[in-house]
Every structure is written in C-alpha cells, then in structure tokens.
Amino acid sequence: MLQTLVRTAGAVLCTAAVLAAVPAHAGDTPIVIRLYDMATGDESARGAAMRTASAAIASAGIAVSWLDCSRGGEAHPCRTVRNANDLVVRVMPSRGPAEQQQAAAAISSGDGEVQLGFTPIDPSGRGAVIATIYYDVVASVSRRTGIGAHELLGRAIAHEVGHLLLRAPGHGRSGLMRPLWTDEELMQSRPGDWIFSEADRRQVQAAARGSAPSTSVRATPAIDDSSEGEAAGR
C-alpha cells in the first residue's frame, strides 16, 4: 500500500477518443490511462491536468493516451472492455467525512499530514492498475500555495501513475517520485522537480520491458520538520 501525503507544517506537498497531451517520441512505450473524474466536472481543467501529467510521465519514456471516462468526457461512459495493461486513475471528491474534516483542519492549521492520493502496490511486484487522487486536498493545497488546481492535480496524477509504472514500494531521492513536495518547490516549479529522475526512468523502462522490478523499499529522504511546510508522497 502506498500513499501520497501532504505535510502542512508551513510547506506542502474519447467515444474512445484519445487526448494526446504531448508529442510521442520514437521508442516511447505507449500506455492507456482511463481517467474517471468524479470531483470537478470541469472538462477544460481536466484536459489541462492530463496534459501536465502526460508531460511528466513522458520524461520516463512513456507516451500516454487518455480515455476521458468522466461524466461529460469524450469517452463517457467507457463502454469498451478495459485492456489488461490499461491503467485507471480516479479523481474522488474526498475521503470519508471524518478524514475530510481532519485534512481540512491540518491544512488550515499548517500542522499534520493528509493524503493527497493513494496507490496500492503489491510488494511482490505484481502490477496494480488503479490510482486514486483526493480532489478536496488538491483544491486546499492549491488555494494555500497559489498553484493552479489543474497543475497540481496533473502532478499528483503523474506521481501516482509513477507508482503503478514502477511496481515497487518506496520513493526516489529526487524528481517527481520524491516523497516530499514543499511549498517552495510547488511555487518555484523547477523543471527537474516534476520529471522522473534518471534512476526512476531506468526502473520504469525495466518494468515496461517485463524485467523483474526491485521489491526493496528505496531510500526515502529524511523529513526536515523545521522546514516551512512540506508535501509528502508515500
């Protein structure tokens, strides 16, 4: 089981039509992602989030074709049978009422941890296919940092899809798959923070070729509780 957390101590973390977000390059591995947006109902913002996610995922040599299965999306409802290798991303309005209240309190107070997204991973390396993002947290962090909700949603989607592609628990030391996203990183938007690191890119490619993924938990950077706010992915 893997979770993306936001630490808010002063920093955060087609009919079957296909949306092509970024140009594919020769040699890129193609994947299909079915997106179910049950939170926003905003087709334009959803498209922007998919483009942001595609650009990040492309840095691992993966070319995404999207099926927008959301209400109002071009592929709603997705009546075709899901292919074995298709991935699924769900954008949920929130978690349970108690967790939602706890998350809101943590973000507003600048203290505590809340889930941004969730991806169950089998440590044996067997592939999972479903990732979930909690939009209430995305929206709260967006308001807190001034980052567009669609941009933050796209980054969160790319991070969780990264777990599906890596097929291994743990996080990278840098890049998109690092466990902590600070307010400063979100606002500065340095390109290297939102792409796959070279080590993660190699692991994604190995998994795509069918090589056995590592089942060890990769090293996670220590959390500096003295920093002014962090978003953590776990």
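Note on H150, H76: ascending count of other Cβ atoms within 10 Å places them as H76, H150, the fewest first. Taking label points 7 Å from Cα along the Cα-to-Cβ direction, R79 and R202 give a separation of 4.7 nm. Count neighbours as other Cβ atoms within 10 Å of each site's Cβ, and list the GluC sites (Glu not before Pro) in the stretch 128-219 that are DSSP loop with at most 12 such neighbours. Answer in residue order: no site qualifies. Annotation for Q188 and R173: the two label points, set 7 Å from Cα along the Cα-Cβ direction, are 1.9 nm apart.
The fewest-to-most ranking of S59, S44 by surrounding Cβ atoms within 10 Å reads S44, S59. Summing +1 for each Lys or Arg and -1 for each Asp or Glu among the other residues whose beta-carbon sits under 15 angstrom from that of E74 gives +1. Counting Lys and Arg as +1 and Asp and Glu as -1 over every other residue whose Cβ lies under 15 Å from the Cβ of R190, the net charge comes to -3.
The residues D37, D28, D68, when put in order of fewest to most other Cβ atoms within 10 Å, stand as D28, D68, D37. Between M92 and I130, the simple label model (points 7 Å from Cα in the Cβ direction) yields a spacing of 0.9 nm.
Computed from the coordinates by the stated procedures, all read-outs in this text should not be read as laboratory data. All figures in this text were calculated on a predicted structure; none of them were measured in a lab. In this analysis, Cβ positions are derived from the backbone assuming ideal geometry, glycine residues included, and neighbour counts consider all displayed protein chains.
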